[in-house]
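J.: Mind having a look at this structure? Questions to follow.
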Amino acid sequence: GDLLLTIAGAVCLSRGVNYLLALTPLPYYFPGYQAAASQIIQCSLWSQICASVVSASLLEELLVRGILYGRLKEILKNPRTAMAASALVFGLYHGNVVQGLYAFVMGLFFVQVYEAGDSLLPAVLAHMAANSASVLAGQVKLAGETAAGNPAVYYFITAVFLLAGAWCWRYFARKSEAGR
């Protein structure tokens, strides 16, 4: 059950946060996001899966949640502050404002999943699920995926993804609180 909620939460937050950021003027004001996204999409699907879904998920989780977060918890003596600090580093690591905000939110979810499961594996799987959803979204354009195409559908899909992701997040937050 927890594994399915981990994956569902990561996919829902990934899509919801991406769609929400697309509603803001940030991609316009910070075009570095578009340049980075177009470079990734130009790669073959196999390359995207190997680089983004497998390699990035494993390495980033080992470094950020496995090493950095654990160290920050020891130094800061406060898990919530360490969660926020590790998510901030994760966001800054992504190199541009739009991806940074996305990564900050996702980093908070990944560290919450890590804390709730007391294992790096759920965080790695959540990260893989989120990156898989992004790769798939880049490959398949769904009806109503842009606000200009059908605003009502876009807003509804964004809200559903965000609410479902928030529900999963809350589940893991309660689980980690119960474990302390």
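The values are calculated or read from the model by the stated rules, or taken from the named source; none is laboratory data. Quick caveat: nothing in here was measured; it's all calculated off a predicted structure. Glycine also receives a Cβ, built like all others from the backbone with ideal geometry; neighbour counts cover every protein chain displayed. SASA here: full protein model, heavy atoms, side chains in, ligands and nucleic acids out. Shrake-Rupley method; radii C 1.70, N 1.55, O 1.52, S 1.80 Å.
J.: Failed condition for residue 74, given (1) farther than 23 Å from residue 173 by Cβ; (2) open to solvent by 70 Å² or more (accessible area, probe 1.4 Å), with all others met?
T.: Residue 74 satisfies all of (1) farther than 23 Å from residue 173 by Cβ; (2) open to solvent by 70 Å² or more (accessible area, probe 1.4 Å) except (1).
J.: List, please: which pairs have Cβ atoms under 6 Å, are six or more places apart or on different chains, and start with a residue in region 150-161 that is at negative phi and end with one that is among the hydroxyl-bearing types (Ser, Thr, Tyr) and in a helix (DSSP H, G or I)?
T.: 158/19
J.: Specify the residue that is modelled with the lowest pLDDT; the eligible residues are those in region 1-32 that are farther than 17 Å from residue 133 by Cβ and in a helix (DSSP H, G or I).
T.: Step by step, filter region 1-32, then rank; the result is 32.
J.: Being in contact with a Ser or Thr (Cβ under 9 Å, 6 or more places away or on another chain) and at pLDDT 85 or above narrows it down to one residue among 68, 58, 62; which is it?
T.: Being in contact with a Ser or Thr (Cβ under 9 Å, 6 or more places away or on another chain) and at pLDDT 85 or above holds for just one of 68, 58, 62, which is 68.
J.: Since residue 150 meets every condition but one in (1) at pLDDT below 95; (2) under 13 Å from the mean Cα position of the chain (by Cα); (3) of a type in the set (S, T, N, Q), which condition does it not meet?
T.: (2)
J.: Another question, if that's okay. So, in region 89-99, how many residues would count as being free of Cβ contacts under 8 Å to residues at least 40 places away in the same chain and either closer than 12 Å to residue 60 by Cβ or under 10 Å from the mean Cα position of the chain (by Cα) (or both)?
T.: So the count comes out to 5.
J.: Can we say residue 114 is at pLDDT 95 or above, within 16 Å of the chain's Cα centre (by Cα) and under 19 Å from residue 17 (Cβ atoms)?
T.: yes
J.: Give 77, 73 a once-over and let me know the one that is without any contact (Cβ under 8 Å) to a residue 40 or more places away in the chain and on the phi > 0 side of the Ramachandran plot.
T.: 77
J.: From 54, 64, grab the single residue that is assigned to a helix (DSSP H, G or I), among the β-branched types (Val, Ile, Thr) and surrounded by 18 or more Cβ atoms within 10 Å (Cβ to Cβ).
T.: Going through 54, 64 in turn, just one is assigned to a helix (DSSP H, G or I), among the β-branched types (Val, Ile, Thr) and surrounded by 18 or more Cβ atoms within 10 Å (Cβ to Cβ): 64.
J.: Would you mind stating whether residue 52 is over 25 Å from residue 25 (Cβ atoms), small (Gly, Ala, Ser) and touching a His at 6+ places or on another chain (Cβ under 9 Å)?
T.: no
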